[in-house]
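Structure first, then comments.
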Amino acid sequence: MLHYLLKRSASLLATLLVASLIVFVVIEVVPGDPASYMLGMNAQPDTIAALRTELGLDESRVARYLSWVSGMVQGDFGRSYTYRTPVAEMVAERLWISLPLASYALVLSTLLAFPAGIWAASRRGGIADTAVMGFTQLGIAIPNFWFALLLVLLFAVNLGWFTAGGFSGWQSGIFAGLKSLTLPAVSLALPQAAILTRVMRSSLLDVLNEDFMRTARAKGLSSRQAMLRHALRNAMIPVLTIMGLQFSFLIAGAIIIENVFFLPGLGRLIFQSIAQRDLIVVESVIMLLVFAVVMVTFLIDLAYAWVDPRLRQQRR
Amino acid sequence: MNKRFSLPALLVLTCAVSNAFAARTDIILGVQLEPPNLDPTAGAAAAIDEVVYANIFEGLTRFGPDGSIKPALAAGWSIEDEGLRYIFGLRADATFHDGAEFSADDVKFSIDRAMADDSTNAQKGLFANIDNVEIIDPLTIAINLKQPDGNLLFNLAWGDAVILDPASAADAATHPVGTGPFKFANWVQGDRVEIVRYADYWGKPVKLEKATFKFISEPTAAYSAILAGDLDAFPNYPAPENLAQLDVDPRYSVVLGSTEGETILAMNNAVAPFDDVRVREAVVHAINRDEIIDGAMYGYGTPIGTHFAPHNPAYLDLTAQSAFDPEKSKALLKEAGHENDLTVTLKLPPPVYARRGGEIIAAQLRDVGITANIENLEWAQWLEQVFKGKDFDLTIISHTEPMDIGIYANPDYYFQYDNADLQALMTSLNTETDPDKRTELLQQAQQIIADDYVNAYLFQLARAGVANSRIKGLWENSPTQANDLTGVYWEE
């Protein structure tokens, strides 16, 4: 297990290093000078030069890359060009919205998808199965920003149960915070739930045909007991894979939803930073997302081993 | 049934009763863009002024709602030495929000800082003519000029010329400390800035106790936030498509005003084919302004025929000179030797007026035989390629700086118009302080650029604001991009 962990960590580090190089090069190639963006149309050349010096933009690319990477290793992500505050602080603040939002959406989609998937699989071909499959088609087809707008019109504008967007801040209480995340979480969760339901169903159907299921039934378990004790656990591998992918997607892909609900999360930060040529923020946030995705994949691998003892055996 | 409805009914009744007795003293305003920082002397973003101008920071002079120049931290002034020396008497009772007293030292510090070699003031040009700032006594200051400048009082009213205290200036980007009627309270990045009433303000106390600026850039999000009651007002409302609907709703009032934004189709005067005045004139006559205002701006906007704001007393209406006349366009193109063979690029920055307006203009140009290939650019790219690199044929942009006709006297400006007569005229304008003579010179300048068809002048950008109908005192026009809350209150 130790050997396995070491090997995985080394490849994780290599991935991050390569990613940092790609991110830096790609973003440096994009045209647009941050200093002239910040100073606007009336700025004089010497003013722009002064600001470039202040931001450290007049150093060579190699020097800037090295100082960026070595800073990140020490937990220092640099200073935002536009906000002039440490990037790490900004990101941490935004994560307190994006992370709960992604988790909330993941919990909602799991709560919807697991029962729906199991129900559909156990009534294969029946009315319930057809209905669930129909709904999941709809869930996949509806774009989540459009669904989000519908939710706002109904629950914020017409009924007044929620605000149309924004974030009250956790200091005003967990309930108030969760309340302002509810509509965004629902609109993020719906398409995810639809996909997860379909994966759950088909994965269960595969397992139900396996020999060990027949054995389980032969031992005298009811079909429900066999489903819960044996089939479910074995069907989890593809489901976990999808959940892992979805979590990364939820963090990175919340950009549109955060804009619809004007939530000050990570997605909106990237969006703003790209427009403002706040390159250091864009670079750092992308690196953070790469790190998150790599970590989630790693954790999902560990989870495979947990649900399937055979995988643990191989690795010893 | 009765029981279910009694509680909400009671709540509504309580609210109504308490509202009848006390007017609200807080306000939540929507603004489109988040300011990158809160120091108006160190960044170009109009979003900074939208929050801090006249609320947190004040300059020696300030813009009034109609664009006139009013005294602010300078109680009055006199002009000596044939316009070379301005002497300002300062407010005796002004203090900074951290308790520091305001004095001549702060004025000298702020202007010197803006003029310094390493200054990052985005409008450093405003101070270019200042020779030095001289402290006469703690409450009197003199500004000595290199040459007479009729624009000085106007220049000092800009957000970029506000007065900071040396002790707090370095942190102004995140913790602005000014002398205004509101002081900074809180900034939740990405979400909102909160300001509260400053009790020791030198001037007339404001009625609002607290104001929150909420950042919402998505038009649909702005619309739903207004409808859901999350916002009390959106002074520069980003979704003109919903204005008609909000206007008929008694809960809201829609206020239409004008901005300092001249929206133009700029032409690159230095490269072919637009170095030929006939081609420029042909483009101008190919354009139907009303169609653009209706199609791109839902009818909001005032047609202009020169680079000047129609609400300015010195404005000359020259729209007839550039009237829509496609036949004349075709004739001019033929004369210039470009019959049906002209293909040009039209580079568009992100704002709606440019993107939607660009589609319409491309279609109008096609009708007279000019093919305009549209390229959509991000702001930073636009600044780099078009503004700095001058690598463009045509572009659409709103010039929002107040009184900026002087850009036509700079041959290095992105549209590269080089006319010695106009340059001489602008030099004499800069040294002229007599208002009548200034008007005359300004009108001559407007006529010259209209005669030369430097650019195609489209429309003055409108300012459409939406507010709860009980809110009074918001600015209708925007002589500078600010949300001055000093006169805002809730009607009881």
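A few comments on the model shown:
- The residue pairs whose first member lies in region B:185-201 and is at negative phi and free of Cβ contacts under 8 Å to residues at least 12 places away in the same chain, whose second member is part of a strand (DSSP E or B) and open to solvent by 20 Å² or more (accessible area, probe 1.4 Å), and whose beta carbons are closer than 6 Å, counting only pairs six or more residues apart or on different chains, are B:Asn186/B:Glu194.
- Of all the listed residues (A:Ala231, A:Ala275, A:Ala254, A:Ala235), the sole one being within 14 Å of another protein chain (Cβ to nearest Cβ) and closer than 18 Å to A:Thr110 by Cβ is A:Ala254.
- Between A:Ser248, A:Ser187, A:Ser223, A:Ser180, the distinction of being in contact (Cβ under 8 Å) with a residue 12 or more places away in the chain and touching a Lys or Arg at 6+ places or on another chain (Cβ under 8 Å) belongs to A:Ser223 only.
- Wholly enclosed helices (runs of 4 or more DSSP H) of region B:243-358 bearing at least 1 residues within 15 Å of B:Leu394 (Cβ to Cβ): B:277-286, B:289-297, B:326-335
- Total residues in region B:341-377, condition polar (S, T, N, Q) and either in contact with a His (Cβ under 7 Å, 6 or more places away or on another chain) or within 14 Å of chain A (Cβ to nearest Cβ) (or both): 1
- Any chance A:Leu204 is out of contact with any strand residue (DSSP E or B) (no Cβ under 7 Å at 6 or more places or on another chain) and within 14 Å of chain B (Cβ to nearest Cβ): no
- Any hit, region B:128-136, residues being under 26 Å from the mean Cα position of the chain (by Cα), open to solvent by 20 Å² or more (accessible area, probe 1.4 Å), more than 12 Å from chain A (Cβ to nearest Cβ) and under 25 Å from A:Gln44 (Cβ atoms): yes
- Of all residues making up region A:144-197, the number that are within 17 Å of the chain's Cα centre (by Cα) and at pLDDT below 85: 2
- Residue in region B:19-41 that is modelled with pLDDT under 95 and under 20 Å from B:Val133 (Cα atoms) present: yes
Residue-by-condition table, conditions (1) of a type in the set (A, V, I, L, M); (2) surrounded by 23 or more Cβ atoms within 10 Å (Cβ to Cβ); (3) touching a helix residue (DSSP H, G or I) at 6+ places or on another chain (Cβ under 8 Å); (4) outside the structural domain of A:Leu289 (by the TED database):
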position: A:Ala231; (1), (2), (3), (4): yes, yes, yes, no
position: A:Asn234; (1), (2), (3), (4): no, no, yes, no
position: A:Pro238; (1), (2), (3), (4): no, no, yes, no
position: A:Ile242; (1), (2), (3), (4): yes, no, yes, no
position: A:Leu250; (1), (2), (3), (4): yes, yes, yes, no
position: A:Val260; (1), (2), (3), (4): yes, yes, yes, no
position: A:Leu269; (1), (2), (3), (4): yes, yes, yes, no
position: A:Ile274; (1), (2), (3), (4): yes, no, yes, no
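- Selection of region B:146-184 for residues being aromatic (Phe, Trp, Tyr), open to solvent by 10 Å² or more (accessible area, probe 1.4 Å) and more than 14 Å from chain A (Cβ to nearest Cβ) yields B:Phe154, B:Phe184.
- Condition met for A:Phe77 (assigned to a helix (DSSP H, G or I) and open to solvent by 10 Å² or more (accessible area, probe 1.4 Å)): no
- Residue match in region B:378-389 (condition: without any contact (Cβ under 8 Å) to a residue 24 or more places away in the chain, of a type in the set (D, E, K, R) and within 14 Å of chain A (Cβ to nearest Cβ)): yes
- Search result, residues across region A:128-152 that are at the interface with another protein chain (Cβ under 7 Å from one of its Cβ atoms) and open to solvent by 60 Å² or more (accessible area, probe 1.4 Å): none
- Residue among B:Ile216, B:Ile226, B:Ile264, B:Ile292 that alone is more than 14 Å from every other protein chain (Cβ to nearest Cβ), open to solvent by less than 10 Å² (accessible area, probe 1.4 Å) and either in contact (Cβ under 8 Å) with a residue 40 or more places away in the chain or over 23 Å from A:Trp161 (Cβ atoms) (or both): B:Ile292
- Within region A:27-55, considering residues that are assigned to a loop (DSSP other than H, G, I, E, B) and over 26 Å from B:Phe127 (Cα atoms), the one farthest from the other protein chains (Cβ to nearest Cβ): A:Val30
- Residue under evaluation A:Leu101, criteria (1) part of a helix (DSSP H, G or I); (2) more than 14 Å from every other protein chain (Cβ to nearest Cβ), criterion not met: (2)
- Extreme residue, surrounded by the fewest Cβ atoms within 10 Å (Cβ to Cβ), among residues of region B:185-213 that are at the interface with chain A (Cβ under 10 Å from one of its Cβ atoms) and assigned to a loop (DSSP other than H, G, I, E, B): B:Gln189
The values are calculated or read from the model by the stated rules, or taken from the named source; none is laboratory data. Nothing here was measured: the structure is a model prediction, and the numbers come from that model. No Cβ is skipped: glycine too gets one built from the backbone with ideal geometry, and neighbour counts run over all protein chains shown. Side chains included, ligands, DNA and RNA excluded: accessible areas come from the protein's heavy atoms. Shrake-Rupley method; radii C 1.70, N 1.55, O 1.52, S 1.80 Å.
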